[in-house]
């Protein structure tokens, strides 16, 4: 089974820059590698920010909109506490231009976590870090979307062999599985209702599955309270991530 871990879809050997990397070098790297952003790291390879093409363009826009003041006026403005704005206008390095703090994920985080973070922060790529927050890779929206391009035949085999037959040990004839465009439909009869619940939960977490339509019936209705149902869902989650 392919697992929903960031480490399995990220790109290693990441191009990055340091705090003092000049403006023009950042622009050259972005153009040469055809990327929209670069992680900014410190001397220990820890990610401290991200600099993007948008950051460079905004800096240039500020420079045009805010021409350098005369020396006397600049001195007076600094006296009023506006020095930070002047520095921003005259930003010349990655460290001055970068967005911080950096939004990062860990290699052991799930793909769902990465997708959620991208959506929440409105970014298209995330630096991937290890346990000590050192840069180990990068993951993009495109990387995550690749998971949904898995062929239906691969999904069918995974559901039948590794979940229904492997984890749940259901008889081969108990459940019929149909997969079309990533949507898995289950029909048939199982012994207990809880088997149908856990099967659906596990299949929903398989990389590439868009949705699960369960038409399963059961011989024994062993319905339990909501708290126990949630515990069973947690068991299913733990199982799927261990493999």
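Read-outs throughout are calculated quantities, based only on the coordinates presented, and are distinct from any laboratory measurement. Remember, it's a predicted structure, so these values are computed and weren't measured experimentally. A quick note on method: Cβ atoms are made from the backbone with ideal geometry, for glycine too, and the neighbour counts reach across all protein chains shown.
Stokes-Einstein D for segment 125-222 at 20 °C, 1.002 mPa s, Kirkwood Rh over Cα pairs, in µm²/s? Spell out each step's value before the answer.
Values: Rh = 15.0 Å.
D = 143 µm²/s.
Would you please give the FRET efficiency between residue 189 and residue 45, computed as 1/(1 + (r/R0)^6) with r the Cβ-Cβ distance and R0 = 51 Å, to the nearest 0.05? Spell out each step's value before the answer.
Numbers: r = 55 Å, r/R0 = 1.09.
For R0 = 51 Å, the calculated efficiency reads 0.40.
Given points 7 Å out from each Cα along the Cα-Cβ axis, report the residue 96 to residue 219 separation in nanometres with one decimal.
Roughly 7.6 nm, to one decimal.
Counting other beta carbons within 10 Å of each Cβ, put 36, 4 in order, fewest first.
Values: 36 13, 4 22.
Final ranking by Cβ density, sparse to dense: 36, 4.
Between residue 120 and residue 178, with labels modelled 7 Å along Cα→Cβ, what's the label distance in nm to one decimal, could you check?
With each label placed 7 Å out from Cα toward Cβ, I get 3.9 nm.
Residue separation times 0.36 nm, minus the C-alpha to C-alpha distance between residue 36 and residue 58: what's the value?
On the way: separation 22, 0.36 × 22 = 7.92 nm, distance 1.39 nm.
Stretched fully, the residue 36-residue 58 segment lengthens by 6.5 nm.
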